[in-house]
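What follows is calculated from the coordinates using simple rules that are stated; it is not laboratory data. Only a predicted model underlies this, so the values are computations on that prediction, with no experimental measurement involved. All Cβ positions, glycine included, derive from the backbone under ideal geometry; neighbour counts span all protein chains shown.
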Amino acid sequence: MKSPSIPKNRLSVFIVGDDSLVDEYSEIASGFNYAIIAPDKINSLKPIAGKISIALELSNLDLDRKKKNLTALDKALPETTAILSSSINVSALDQSQWIMMKHRLVGIAALPTMIRNSIVEVSPTVYTNESAVDVARKFFLSIKKDIAIVQDRVGMVLPRILCQIINEAMFAVQQDVASPKDIDTAMRLGINYPSGPIEWGERIGFKQVYAVLDALHTDLGEERYRICPLLKEIAAAGKFWR
Amino acid sequence: MGTGIARVAALNKFNVALYDINETVILNGIARITSEMKTSVEKQKLSQEEMTGTLSRIHARTKLSDLSHCDIIIEAILEDLRIKKDLFRHLEGDVKPETILATNTSSLSITAIASGVKKPERVVGLHFFNPVHATKLVEVVQGTQTTEETMQRAIDFGEKLGKTCVRVKDTPGFAVNRVAQPFYGEALRILGEGIASVEDIDGIVKGEGGFAMGPFELIDLIGIDVNLAATQSVYEQFFNDPRYRPHSIQRQMVDSGKLGKKSGKGFYNY
């Protein structure tokens, strides 16, 4: 079994997954001279497989599609190519059961807006080869991000904390404790949050927030992660209309 | 916190009667304001005149009857419902009928505090945040019987102090202390489940989330005992809704005397 590595001369990244994440990651990676291979190539990977240095699978919303993408990548790419896959809503270990070459899969916390900051959470599985983690570390370092290794659990660290804050903010709105705008103002000015939770939810996308909470609720099975009905409505409608 | 509120009110041209049963407590408070303001003058954040003016507008008072001329009373005494209710009940005979009775409580129900007085419609929450002079926010909390007029006057007052006021309905934790619960609660659970270390969780929350402080740094600063009490209060007021349930790590830290920064030991060593 050959270890995943980044070829020195070719720096092309294949990015597939949720639109907002593909856009963000493509924009940032191309800013650091990576050639970006368009996500629609997922259906015809064979001819270009040799060109791909690293593959990123960034689907959080549609896990069937995620499974199809990972299976296709695993079949087409040489075993030396690492796959970094968002593992917020389904653990990296569960994902690795979908593919043959489990050693190359590394979980990452990819939630919209987060790649704009300076740290990325990375979760190896029991199967993950150390050199695949090294590919993740080098890739993120090359786009000026540090990595933090965390255990491979649904919700990981920041997505779990942040989505629960947004959920609680929506419960407060639903209960008419304060207006959405006032709740945002209160959290920014009262305890110095970098953004109000509701405006933050809008930027991440309420569909994404809903998917994280839904995964936490299913995985942990606790009442604590019950999703605010108002948040569910907004995720379905795609916007905040109050 | 009372002295912090007195300082901001006096700085913004209000005459302030700073009340305590014990005069030494008041004088210590004024001494604290003086030394804090001196530092601000040295750093040229404040003029000498502003400081002198502010201090000249703060008057020590040790009798409740000396407060009868006040247009607004703000209590920031012990977080004990019975003591707060007693204070307002005693005051209401002394003050003018239109005087606002405001409470700076962070954890008790405004409606419950108002329940002992004859005119609950003039009782309102004015929830300031530490440090009062530097934090822009005031939660103006409407009890079930607080009138719109009282709310409006309380908001006007807060704005005259240079604060941004948000209207909040009287519910456990109000807005800030409620919505912030998962910041601590989820971090504690993530730690308890062995997903990441204290240092890693704080690093991720700051580096990936852009927060100024990590949850454990913040709990240490607040005091682990104070944070646990606040969590427990919200939890109990919501009749044990699991969303607000405290974590056994908190209790264990308190039991072992690790109270955070003030005790030298908490999630970090100081």
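A few remarks follow.
- Its residue count N fixes a reference of 2.2 N^0.38 Å for region B:4-46, and the Cα radius of gyration divided by that reference is 1.23.
- Degrees, to the nearest 10: B:181-192 long Cα axis against longest axis of chain B: 20
- Karplus-based coupling profile of region B:2-8, in residue order and whole Hz: x, 5, x, 5, 4, 4, 5, with θ = phi - 60° in 6.51 cos²θ - 1.76 cosθ + 1.60 and x standing for Gly or Pro.
- Mean separation of Cα contacts under 8 Å, 6 or more apart, over the residue count of chain A: relative contact order %: 16
- Under 5 Å, built H, 5+ apart or other chain: amide partners of A:Ser59: A:Asp18, A:Ser86
- Residue exposure sequence - A:Glu202, B:Glu217, B:Glu149 - by fewest surrounding Cβ within 10 Å: B:Glu149, A:Glu202, B:Glu217
- Ordering B:Asp86, A:Asp40 by the number of other Cβ atoms within 10 Å of each residue's own Cβ, fewest first, gives A:Asp40, B:Asp86.
- Sorted fewest first by neighbouring Cβ atoms within 10 angstrom, B:Lys136, B:Lys63 come out as B:Lys63, B:Lys136.
- Principal-axis analysis of the Cα atoms of chain A puts helix A:158-174 at an angle of about 30° to the longest axis.
- Table column - 3J(HN,Hα) (Hz), region B:125-139, Karplus curve with 6.51, -1.76, 1.60, x for Gly and Pro: x, 10, 9, 8, 10, 7, x, 4, 5, 9, 9, 6, 8, 10, 8
- For residues of A:40-50, the mean tally of beta carbons on other chains within 10 Å: 0
- Rounded if a/c under 1.5, otherwise prolate or oblate - region A:124-164, Cα gyration tensor axes: oblate
- For a straight C-alpha distance cut-off of 17 angstrom, the lysines reachable from B:Lys118 (same-chain residues fewer than eight places away being disregarded) are B:Lys84, B:Lys85, B:Lys96.
- For chain A, calculated [θ]222 nm from helices alone, where every DSSP H run of n ≥ 4 adds -39500 (n - 2.57): -13500 deg cm²/dmol
- Over the residues of chain B, the helix contribution to mean residue ellipticity at 222 nm works out to -14000 deg cm²/dmol, using -39500 (n - 2.57) for each DSSP H run of at least 4.
- Residue by residue, region A:29-37 carries 3J(HN,Hα) couplings of 5, 5, x, 10, 6, 7, 7, 9, 9 Hz when phi is fed to the Karplus relation 6.51 cos²θ - 1.76 cosθ + 1.60 (θ = phi - 60°); x denotes Gly or Pro.
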